[in-house]
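Okay, so here's the structure we're looking at.
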Amino acid sequence: MPAKIYAPFERFNFSNKNCFLTGEALKSEEEKIQVFPQWLMSQHALEDKPFKMLDENIATYKDLKLPCSSHINDDFLEPLEEEIANAFEKGYEGVKALDELKLFQWAGKLLYGIIFNEIQSGIRLMHSQGEEFSMSQSILLKFSQLHLMLQSINLPIIFEDFKPFSIFLFKVNNNHEEFGYRDEINTQTFALRIKDFGMVICLQDNASNYYYHKKIYDQIKDEMLHPIQFEEFSARVFYSNYLFNRLPEYNILPVNDEIYIEEMPLRGLSSKPLFDEWQNKTYGQVLENFWKNWGLLLLEIIKDPEHPVSYLFDKDGNKIAADSILLSL
């Protein structure tokens, strides 16, 4: 008998009475876990720091929680958190040694936790105005597919010869007190820069962004980066994932006790490229946001519109050494 997949978006079930991962009824609405794990919040003193929601309301990191059954937490989520925490403690080398699927599951659970809280907030707001909450069909499909893949944490789900994600990992010369976190929930893009590493993950692109940036990534992935270089690469990935114009679809194949997920061809019937055309002005606006710590403005970044400012490569395309960059960390 194949395991049963839970699909909360079919009935739009986002109450605190059901486990977010399995849908099973909880004994109490107090049966919850933190979206940002306690070990991460403690290390970076995040608990009471502000977290801005999409509706402009301000929560704190510790306010963000997910309804979760005790046995799912004990049997699946806590072991995953412990493995990730131990890897993070070792820094870049520890994270590099991790199974990429575990990183995807961990980052996906965190981002889905934010999505869950955003949806709950949206439902409350619309109900207070006497209206029904709704979202676009494409966003609905993206979120439901992320939730499906998250169930690889607790169900025997096998991705059939594909990765649903792109992961980029770097050594970064960070200020070790810094907590650099960024996400974009509509495109499901996640970036984290702490300790001596930084990573960027596209959670639902079937590795398309990995191949889009592979040439650049291969040039720099084994190099130590200055934080401004990591933020530049992050800006490239966040922007390219915005340009990614396909909505991946999958076949779900139950076989005995296992569930196989098979990717459907991204090109489909369209001859259109997978990514819309890169516009340097728009990319410059993204980069300006990522470079806020260093105060670089859009007019400086795209002074030469054909060649936006780069701290990764010089005008001849050579990698710029991190230790030659004199900007403060």
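Calculated from the structure, Rg and Dmax of the Cα atoms in Å equals which of (1) 25.8, 90; (2) 21.5, 72; (3) 20.3, 63?
Looking at Rg and Dmax of the Cα atoms in Å for this model, the match is (3).
Tell me, how many Å apart are the Cα centres for region 1-77 and for region 240-296?
26 Å
With point charges of +1 on the Cβ of Lys and Arg and -1 on the Cβ of Asp and Glu, referenced to the Cα centre of the chain, which listed residue (253, 275, 207) lies farthest in the positive direction of the dipole?
The listed residue farthest towards the positive side: 275.
Ignoring ligands, DNA and RNA, what percent of the 1.4 Å accessible area of the chain is carbon and sulfur?
Numbers: 8180 of 16470 Å².
Roughly 50 percent of what the probe reaches on the chain is carbon or sulfur.
Round to the nearest 10 and give me the degree value, 0 to 90, for the angle of helix 137-150's Cα axis relative to the longest principal axis of the chain.
Value to nearest ten degrees: 80.
Please compute the modelled spin-label separation between residue 97 and residue 71, points set 7 Å along Cα→Cβ, answer in nm with one decimal.
Simple spin-label model gives 3.3 nm for this pair.
Any idea what Rg and Dmax come out to for region 100-251 if you just take the C-alpha atoms, in Å?
When restricted to Cα atoms, region 100-251 yields Rg and Dmax of 16.7, 55 Å.
Using unit Cβ charges (K, R positive; D, E negative) and no other charged atoms, how large, in debye to the nearest 20, is the dipole of region 189-271 about its Cα centre?
360 debye
If I fit a long axis through the Cα atoms of helix 78-89 and take the longest principal axis of the Cα atoms of the chain, what angle between them do I get, 0 to 90°, rounded to 10?
20 degrees
Can you give the accessible area per residue of region 1-145, in Å², using a 1.4 Å probe? Spell out each step's value before the answer.
Details: 7540 Å² over 145 residues.
I get 52 Å² per residue for region 1-145.
Sorted by accessible area (1.4 Å probe), largest first, how do 242, 112 line up?
242, 112
For region 116-127, just list the computed ³J(HN,Hα) in residue order, Karplus coefficients 6.51, -1.76 and 1.60, θ = phi - 60°, integers in Hz, with x standing in for Gly and Pro.
Working through the residues one at a time gives 4, 5, 5, 5, 4, 5, x, 4, 4, 5, 5, 5 Hz.
Only Cα pairs under 8 Å and at least 6 apart count here; give the relative contact order of the chain as a rounded whole percent.
Working: 481 pairs, mean separation 47.7, N = 329.
Once normalised by length, the contact order is 15 percent.
The values are calculated or read from the model by the stated rules, or taken from the named source; none is laboratory data. All of these numbers come straight from a predicted model, not from anything done at the bench. With ideal geometry, Cβ positions are generated from the backbone for all residues, glycine too; neighbour counts draw on all protein chains shown. All accessible areas refer to the heavy atoms of the entire protein, side chains included, with ligands and DNA or RNA removed. Shrake-Rupley method; radii C 1.70, N 1.55, O 1.52, S 1.80 Å.
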